[in-house]
Amino acid sequence: MSEQEIRVPDLGGADEVEVIEISVGAGDPVQEEDPILTVESDKASVELPAPGAGTIVRVTVSVGDKVREGDVVAVMDSAGAAAESAPAPEPEQAQPEAKPAPAPAAPASSGGSRKETVLVPALDGFDNVPVIEINVSEGDTIGLDDPLVTVESDKATMEIPSPYQGKVERILVSEGDKLSEGDQLLEMTVVDEGGEAPAQAAPEPQSRPEPAAAKAPAPAPAAAPGDSGNTLPAPGTRVHAGPAVRKLARELGADLTRVPGSGPKGRIVKDDVQAYVKRQLQQVQQGGVVAAGSGIPGVKLPDFSQFGDIETQPMSRIMSATAINMQRSWLNVPHVTQFEDADITDMEAFRKSQKAAGEKRGVKMTPLPFLLKACATVLAELPQFNVSLDMDRKEVIRKKYIHIGIAVDTPHGLMVPVIRNVDQKGLWELAAESAELAQKARDKQLKPAEMQGACFTITSLGGIGGTAFTPIVNTPEVAILGVSKAAMKPVWDGQAFQPRLMLPLSLSYDHRAVNGADAARFTTLLSQLLGDIRTLLL
Ligand code: COA
């Protein structure tokens, strides 16, 4: 066994930095360059890497400790390497030596303010360093030393501070751009204090830790109100996390702007990222929908105002709930749609013959009650459509009741009230109940219980138009019937074409629960029942 002390390397002049994260524990095997811990000044965070492969024997500091160059932070067994007197590691990120920002390009003076183009200062030997965050927006008023952008090499995260106070006019870089010394960063209107030309304040080295007392502290990030519990950064604010945490987040696909930080000043530590990912997974397993939709990249919106006038309005509660349900079903359910035309010539003749009776009862008989009754009969005949799937338990849940939802178009959005025990009700009862529920839906009077418990849904666009459509299954149901507008069509009866009123049916189903042959059986039987409604009595 050859023990090797791991010491704090040259910190580029910083007296004292704080240990903000410890990435290893006693007994942990490490490879060369694996992060041991992260230290942070008020502006930069730096990882101390393992000097070689081995096993951590002990860590001699704690989170919150202040350390200086040469301090021992950990001891490792260097796995037989001849390293008893190995020198302190020379982590790459401790070498950076930031230089003052280049002199501004040709200032254009105008009284107490002037235009400046801010250039990237020396990045301590690094170049082509990607921008990971832009900390300001065009139009922002900023102070001297306010962080402008954050760049990240493979080991260190560095902020480039403002060399001036004033207003950001134009940002000349984007996230992901690779920056080197001298690149143009942004344009500013610099405000002269007291009417004097502002000091050509060079940005301080941000690529190395710097003692907080040595200069004006960087402004506290908007998302870091202190040490009081986890903090979720407001959108657009910068994220406080070390390179190892950022790397972990990238590997796990976690968006750090959504991760609440539990470390000092709201800093995000590895545990926060892991807890966030765990929560997201649990949410998905419990049927929740993550913003981007099960790992599918979200849709990025352009700034539409660049194309013409726009206005925005918040989604209604019904609209956002419908959007979530539709997306959930579309992403989870393999959909297939089976089409069929039902000959409803005789059914329509009967329906119209009931007009006077309907007026007496105060109920209008539309095609919908016939569809409800016929679907209830098919669901009883083909019970494989009256199920839900529990994919976690690998179980099929069979329902012994027949409740059918009806999609209702309302000014506030789509609502689906449910008619219970459709198989036990007559056509007049179904006509009255569906009209009452549809009216309640339009008046926003439906109770939650009146929208729950459906086994199957009918969505009828027949009163509006169209020849066919592919409805989305109202999951966890496994099928939905779309009904389009009935139309007279020439139908061959074996000897001649006859004008018949044909009703287009579109049955979408969950192909995990239902196979194609059963779907064809469903629409064929439904079409037969609607074609001769006397069979509904059998
Ligand atoms: N073909 C031809 N005409 C039809 C028809 C069809 N498939 N379905 C209904 N009609 C006729 C009706 O007979 C009625 O005509 P009439 O007054 O001459 O008798 C007219 O269209 C209007 O009927 P409607 O008021 O829509 O009653 P309904 O019982 O057929 O439908 C609802 C009730 C609640 C389903 C319906 O009002 C509705 O909201 N549909 C839209 C559902 C929806 O938005 N689905 C999309 C989900 S993504």
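Values computed for the structure shown
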read-out: Residue that is surrounded by the fewest Cβ atoms within 10 Å (Cβ to Cβ), among those in region 471-501 that are within 10 Å of the ligand (Cβ to nearest atom) and part of a strand (DSSP E or B); value: 487
read-out: Boolean, residue 380 is in contact with a helix residue (DSSP H, G or I) (Cβ under 9 Å, 6 or more places away or on another chain) and either more than 16 Å from the ligand (Cβ to nearest atom) or of a type in the set (D, E, K, R) (or both); value: yes
read-out: Residue within region 520-531 that is more than 21 Å from residue 469 (Cβ to Cβ), among the aliphatic types (A, V, I, L, M) and under 41 Å from the mean Cα position of the chain (by Cα) present; value: no
read-out: Subset of region 426-438 (residues that are aliphatic (A, V, I, L, M) and either surrounded by fewer than 17 Cβ atoms within 10 Å (Cβ to Cβ) or in contact with a Lys or Arg (Cβ under 9 Å, 6 or more places away or on another chain) (or both)); value: 427, 430, 431, 432, 435
read-out: Failed item, numbered, when residue 441 is tested on (1) open to solvent by less than 30 Å² (accessible area, probe 1.4 Å); (2) within 9 Å of the ligand (Cβ to nearest atom); (3) in a loop (DSSP other than H, G, I, E, B); value: (3)
read-out: Residue check, residue 116 in a loop (DSSP other than H, G, I, E, B) and at pLDDT 75 or above; value: no
read-out: Matching entry among 409, 423, 343, 392 (being open to solvent by 30 Å² or more (accessible area, probe 1.4 Å), within 15 Å of the ligand (Cβ to nearest atom) and over 30 Å from residue 315 (Cα atoms)); value: 343
read-out: Of residues in region 304-336 being in a helix (DSSP H, G or I) and more than 25 Å from residue 509 (Cβ to Cβ), the one most open to solvent (accessible area, probe 1.4 Å); value: 317
read-out: Check on residue 457, touching a strand residue (DSSP E or B) at 6+ places or on another chain (Cβ under 6 Å), within 14 Å of the ligand (Cβ to nearest atom) and either under 22 Å from residue 427 (Cα atoms) or open to solvent by 40 Å² or more (accessible area, probe 1.4 Å) (or both); value: yes
read-out: Residue list for region 256-268, filter: under 8 Å from residue 241 (Cβ atoms) and either part of a helix (DSSP H, G or I) or touching a residue at least 60 places away in the same chain (Cβ under 8 Å) (or both); value: 256, 267
read-out: Hits in region 422-432 - residues which are out of contact with any helix residue (DSSP H, G or I) (no Cβ under 6 Å at 6 or more places or on another chain) and either within 18 Å of residue 459 (Cα to Cα) or in contact (Cβ under 8 Å) with a residue 60 or more places away in the chain (or both); value: 428, 432
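Listed here are the residues, each with its yes/no results for (1) of a type outside the set (S, T, N, Q); (2) over 41 Å from the mean Cα position of the chain (by Cα).
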residue: 417; (1), (2): yes, no
residue: 424; (1), (2): no, yes
residue: 434; (1), (2): no, no
residue: 438; (1), (2): yes, no
residue: 447; (1), (2): yes, no
residue: 468; (1), (2): yes, no
residue: 480; (1), (2): yes, no
residue: 490; (1), (2): yes, yes
residue: 501; (1), (2): yes, yes
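The values are calculated or read from the model by the stated rules, or taken from the named source; none is laboratory data. No experiment lies behind these values; they were computed from the predicted model shown. Because the Cβ atoms are built from the backbone with ideal geometry, glycine has one as well, and the counts that use them run over all protein chains shown. For the accessible areas, the whole protein counts, side chains as well, though only heavy atoms, and no ligand, DNA or RNA atoms are used. Shrake-Rupley method; radii C 1.70, N 1.55, O 1.52, S 1.80 Å.
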